[in-house]
Amino acid sequence: MTIDLAAFAKEKGVKYFMISFTDLFGGQRAKLVPAQAIADMQEDGAGFAGFATWLDMTPAHPDMLAVPDPSSVIQLPWKPEVAWVAGNCVMEGKDVAQAPRNVLRRLINEAAEMGMHVKTGIEAEFFLLTPDGEQISDPFDTAEKPCYDQQAVMRRYDVVREICDYMLELGWGPYQNDHEDANGQFEMNWEFDDVLRTADKHSFFKFMTKSVAEKHGFRATFMPKPVEGLTGNGCHAHISVWDAPGAESTTNVFAGEGEGPTGEVGLGEQGKYFLGGIMKHASALAAITNPTVNSYKRINAPRTMSGATWAPNTVTWTGNNRTHMVRVPGPGRFELRLADGATNPYLLQAVIIAAGLSGIRSKADPGRRWDIDMYAEGHTVTDAPKLPLNMLDGLREYDNDNELKTMMGQEFSSAFLKMKHQEWNSFVSHFSRWEKDHTLDI
């Protein structure tokens, strides 16, 4: 049953709604709507000028309306008089095809028509920095191997506890929080869910984490590699497919036992082909999972201070082994370790479905399972593709993958590539200190 947002406001004491959408670059945009006006907004949407955000539009385009999806509404635990609600972007009565949440919704429907309901859990890593973003917030967080450091996590207990308390209050099922592998870095985990709900939660989690950090005088960042020499921010996705959505699901479609590389680790035929699609399109989907110039400082990084980057650079998969792009930690699911903290919450889920469905339709073989330590023995793997070395290479791989572009939608793909090429051109036209240091005396 559809939630009446006006009634929700009256019952919960909500005074304002944030009608929010995420643009192509992952920027979160919102309008603050008084509860007295939400009934009309629920019907017609809040108006935006798409050109003023990172969407491929001009000032001449008509109003873009973000129509709230009431099933996504979340009352801000730290400011209960405000509620956040995800919006679906519409223009002149039609879905805006390039809008990330619409891309995901279309692919969810496509998967459902095949009797497949994708569920994911994500591991969103972040750093707590000083407000100017220049230093780690905790001057005592200096250990060479800081992962799981109990003293360091307790020095930031107030921030971590507050975020976790809010997730408990929201019913997300958070189950563990830790200090991660880099100094100043943290990870918080909550239960997996249907992909649209996971994407909405991921989007809200980033907003919530930044808000709580600011409240405590810190700056939270999901930037892929904010500190040179330290492990970067990943956003690992755990993927499974079920026979029905939500609580109606009873059967894990991925699960199965048998012979062969995938059967031995608990993936059945559908899981094998879905994984095959991820492997088939890996170099292209990096443009979505690793969407910034800085992303490639993480997946192609030299060894970090702790001894490992925990990020892949080669298209390989394995069993329960964290040195590969994909690992299968247990029957019926696998973990994609490619994405980083800059990935768009909606496009991450969309490209997972797109690549997976492609694999199922073509019965794609994921190839050899590599049961080696890629950080120590990766040089022995000579027949697996390397991941893109930089953002431009990633964009070229995506542009050359016509099947994936079609699955994601031609209008979206065209807009994404256009805007991202503009971003790359802006980067390469930037005059850097490095150029003077290395060229002044040539």
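General observations
- Put simply, of Ala37, Ala30, Ala9 the only residue that is in a helix (DSSP H, G or I) and open to solvent by 20 Å² or more (accessible area, probe 1.4 Å) is Ala37.
- The range 360-442 holds helices (runs of 4 or more DSSP H) entirely within its bounds, and those carrying 3 or more residues that are surrounded by 15 or more Cβ atoms within 10 Å (Cβ to Cβ) and touching a residue at least 60 places away in the same chain (Cβ under 8 Å) map to 391-400, 402-408, 410-428.
- For the residues Leu129, Leu168, the requirement of being open to solvent by 40 Å² or more (accessible area, probe 1.4 Å) and farther than 25 Å from Leu24 by Cβ singles out Leu168.
- Qualifying residue in the range 172-188 (condition: surrounded by fewer than 16 Cβ atoms within 10 Å (Cβ to Cβ) and either touching a residue at least 60 places away in the same chain (Cβ under 8 Å) or within 19 Å of Met223 (Cβ to Cβ) (or both)): no
- Hey, Met57 in contact with a strand residue (DSSP E or B) (Cβ under 9 Å, 6 or more places away or on another chain) and in a loop (DSSP other than H, G, I, E, B) or not: yes
- Those residues of the range 89-107 which are within 24 Å of the chain's Cα centre (by Cα) and either surrounded by 20 or more Cβ atoms within 10 Å (Cβ to Cβ) or without any contact (Cβ under 8 Å) to a residue 60 or more places away in the chain (or both), in sequence order: Cys89, Val90, Asp95, Val96, Gln98, Ala99, Pro100, Arg101, Asn102, Val103, Leu104, Leu107
- Of all positions in the range 41-53, none carries a residue that is part of a loop (DSSP other than H, G, I, E, B), open to solvent by 80 Å² or more (accessible area, probe 1.4 Å) and either of a type outside the set (Val, Ile, Thr) or closer than 22 Å to Pro100 by Cα (or both).
- Scanning the range 255-278 for residues that are in contact with a Lys or Arg (Cβ under 6 Å, 6 or more places away or on another chain) and not β-branched (Val, Ile, Thr) yields Pro261, Tyr273.
- Residues that are at pLDDT 95 or above and aliphatic (A, V, I, L, M) number at least 1 in the following helices (runs of 4 or more DSSP H) confined to the range 247-345: 269-280, 282-289.
- Among the residues of the range 217-246, those identified as part of a strand (DSSP E or B) and either surrounded by fewer than 18 Cβ atoms within 10 Å (Cβ to Cβ) or not aliphatic (A, V, I, L, M) (or both) are Arg219, Thr221, Gly234, Cys235, His236, His238, Ser240, Trp242.
- Some residue of the range 166-178 being farther than 21 Å from Gln75 by Cα, of a type in the set (A, V, I, L, M) and more than 19 Å from the chain's Cα centre (by Cα): no
- Members of the range 58-88 found to be crowded, with 21+ Cβ neighbours inside 10 Å and hydroxyl-bearing (Ser, Thr, Tyr), listed by number: Ser72
- Index of the failed condition, Pro59 passing every other in (1) within 24 Å of the chain's Cα centre (by Cα); (2) over 28 Å from Pro80 (Cβ atoms): (1)
- Given (1) more than 13 Å from Asn183 (Cα to Cα); (2) open to solvent by 90 Å² or more (accessible area, probe 1.4 Å); (3) in contact with a helix residue (DSSP H, G or I) (Cβ under 9 Å, 6 or more places away or on another chain), index of the condition Phe140 fails: (1)
- For the condition of a type outside the set (S, T, N, Q), in contact (Cβ under 8 Å) with a residue 40 or more places away in the chain and surrounded by fewer than 18 Cβ atoms within 10 Å (Cβ to Cβ), Ala112 qualifies.
The values are calculated or read from the model by the stated rules, or taken from the named source; none is laboratory data. All values reported here derive from a predicted model rather than from experimental measurement. Neighbour counts run over all protein chains shown; Cβ positions are idealised from the backbone, glycine included. Remember, those area values only see protein heavy atoms, side chains included, never the ligands or the DNA or RNA. Shrake-Rupley method; radii C 1.70, N 1.55, O 1.52, S 1.80 Å.
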